[in-house]
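Everything on this sheet refers to the single structure shown next.
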Amino acid sequence: MQPLTFVIRSTKSVLQAFLCLISVASVAQAPQSQKHPTLEIGASAPDFSLPGVDGKTYSLKSFAKSKFLVVVFTCNHCPTAQAYEEPIKKLVTDYQSRGVAFVAISPNDPKSIRLDELGYTDLSDSFEEMKIRSKDLQYNFPYLYDGETSTASMTYGPQATPHVFIFDQQRKLQYTGRIDDGLGLPGEAKTFDTSVALNQLLAGQPVAVAKTKTFGCSVKWPEKHNLVNAEATKWKEEKVSLEEAGMDSIKSLLSNKSGNYRLINIWATWCGPCVSEFPDFVTINRMYRLREFETVSISLDDISRKNNALGFLQKKEASFQNYIYNGDKYAFIEAIDKEWQGALPYTVLLAPGGEVVYRTQGSIDPLELKKIILNSLGRVMQIPTQYKERAKSASVN
């Protein structure tokens, strides 16, 4: 499988993602008051018993034959964690034959992840989604789920994803911190801290720099459920409207001069599959709307049922742009897609300028569509130069 490509298209989305998604955690100078402090150098590795995506249950004993153990706290959704997936796989390939075992643990409680934190991913951090990510990226290491309670993770105290802990043969901590200093940006790394630490340990030397800072998304501990609840309350307050649209408006939508990728869902209240899949479009909109992306719905209900269509949209909290077409249905079908036979639902994703990226007649596959959207938008932030040094030195709670 080819590595994912990483793209970012505007300073606006960088800043939004930087503020919403990324937290820089200081490990070397962690505040004494932090709720889940990082394990100290020299401390024994806390034991755990956690399920892996391969169906096995893992503990420290599972790696007893290895001279060194690398525990990486990472996750599906974080853009920085995604950027480090291939580097982690390479570390495994480079060191597993030298007596080094690797295990990845997701510390995140899925119920503590807001949808606006999923703007750079197709998958959240549930156990089932971890299985998909492991298969998609062909992980060559065990990937364990601690999101049920995060109890095991709390004993290690990861501050961001990814966060590395290296233990010696006695399972005493010898290194904690980042994989490298590249912030997850392709070609940016100058110091490969995890590799350096492993090389020193394999050579029988102490680790020269035993603690480094981490960079990535803050850990989504169970106590962050309140943030998700607050987000849900805000959604209920967002205005939902429905405008009438004629052919000129439809042609304008299709030309897509907005500068955003535009997802258009064509539906009707009398269409069972339309009603069934509509919540997926609401979710997709909430995930990606802080980026160069927008969702539009077009109802093909009769104009006399406008209030019914609006009532449905309000129940679904569809606060994106909604239209009801007021004109000849066959002319509409022809304008949308000459190959479309008119069956609902119908969905199309347009690039800026109107190029069709994706279209389908019938129900969408939500995961497939998210992957297509991410391939267009990019999965990992490219942080502007003026923010890089700030990110490396700052500590954000």
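Summary table below
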{"quantity": "Exposure of Thr38 as accessible area (Å², to 10), given a probe of 1.4 Å and all protein chains", "calculated": "20"}
{"quantity": "Calculated [θ] (222 nm, deg cm²/dmol) that DSSP helices of n ≥ 4 give over the chain, each run adding -39,500 (n - 2.57)", "calculated": "-10000 deg cm²/dmol"}
{"quantity": "Chain lengthening between Val196 and Asp337 when straightened (0.36 nm per residue, less Cα-Cα)", "calculated": "45.1 nm"}
{"quantity": "Long-range amide H partners of Leu350 with built H, under 5 Å", "calculated": "Arg262, Leu263, Ile264, Val357"}
{"quantity": "Listed residue pairs exceeding 32 Å between alpha carbons, taken from Lys315/Lys371; Lys131/Lys213; Lys213/Lys236", "calculated": "Lys213/Lys236"}
{"quantity": "Computed lengthening from Glu238 to Gln170, 0.36 nm per intervening residue step minus Cα-Cα distance", "calculated": "18.9 nm"}
{"quantity": "Pairwise label distance in nanometres, Ile303 with Ala189, each label 7 Å out on the Cα-Cβ vector", "calculated": "6.1"}
{"quantity": "Fluctuation leader among Arg289, Arg178, Arg305 - the chain, Gaussian network, Cα springs under 10 angstrom", "calculated": "Arg305"}
{"quantity": "Choice from Ser218, Ser153, Ser249 with maximal GNM fluctuation in the chain (Cα, 10 Å cutoff)", "calculated": "Ser249"}
{"quantity": "Probe 1.4 Å, accessible area per residue of region 219-294, Å²", "calculated": "45"}
{"quantity": "Cα gyration tensor category, rounded, prolate or oblate, for region 277-325 with a/c compared to 1.5", "calculated": "prolate"}
{"quantity": "Cβ-derived FRET efficiency at R0 30 Å, Asn375 paired with Arg98, nearest 0.05", "calculated": "0.25"}
{"quantity": "Shape call, region 46-113: gyration tensor on alpha carbons, a/c limit 1.5", "calculated": "oblate"}
{"quantity": "Cα shape, region 177-257, gyration tensor, a/c 1.5 rule", "calculated": "oblate"}
{"quantity": "(i) 205; (ii) 131; (iii) 141, with the label sought being that of the calculated volume of the Cα convex hull per residue in Å³", "calculated": "(iii)"}
{"quantity": "Portion, in percent, of the accessible area of the chain that falls on carbon or sulfur, probe 1.4 Å", "calculated": "50"}
{"quantity": "At q = 0.11, 0.18, 0.20, 0.21 Å⁻¹, base-10 log of I(q)/I(0) for region 265-357 (Debye sum, equal scatterers on each alpha carbon)", "calculated": "-0.31, -0.86, -1.06, -1.16"}
{"quantity": "Estimated distance in nm for a label pair at Lys135 and Lys329, the labels positioned 7 Å out from Cα along Cα-to-Cβ", "calculated": "3.8"}
{"quantity": "Gap separating the Cα centres of region 73-151 and region 256-325, nearest whole Å", "calculated": "32"}
{"quantity": "Stretch gain in nm, segment Asn226-Ser258, where the contour uses 0.36 nm per residue and the Cα spacing is subtracted", "calculated": "8.1 nm"}
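The values are calculated or read from the model by the stated rules, or taken from the named source; none is laboratory data. Just so it is clear, the structure is predicted and the values come from calculations on it, not from any experiment. Cβ coordinates were reconstructed from backbone atoms using ideal geometry, including for glycine residues, and neighbour counts include every protein chain displayed. Areas reflect the complete protein model, heavy atoms only, side chains present, ligands, DNA and RNA absent. Shrake-Rupley method; radii C 1.70, N 1.55, O 1.52, S 1.80 Å.
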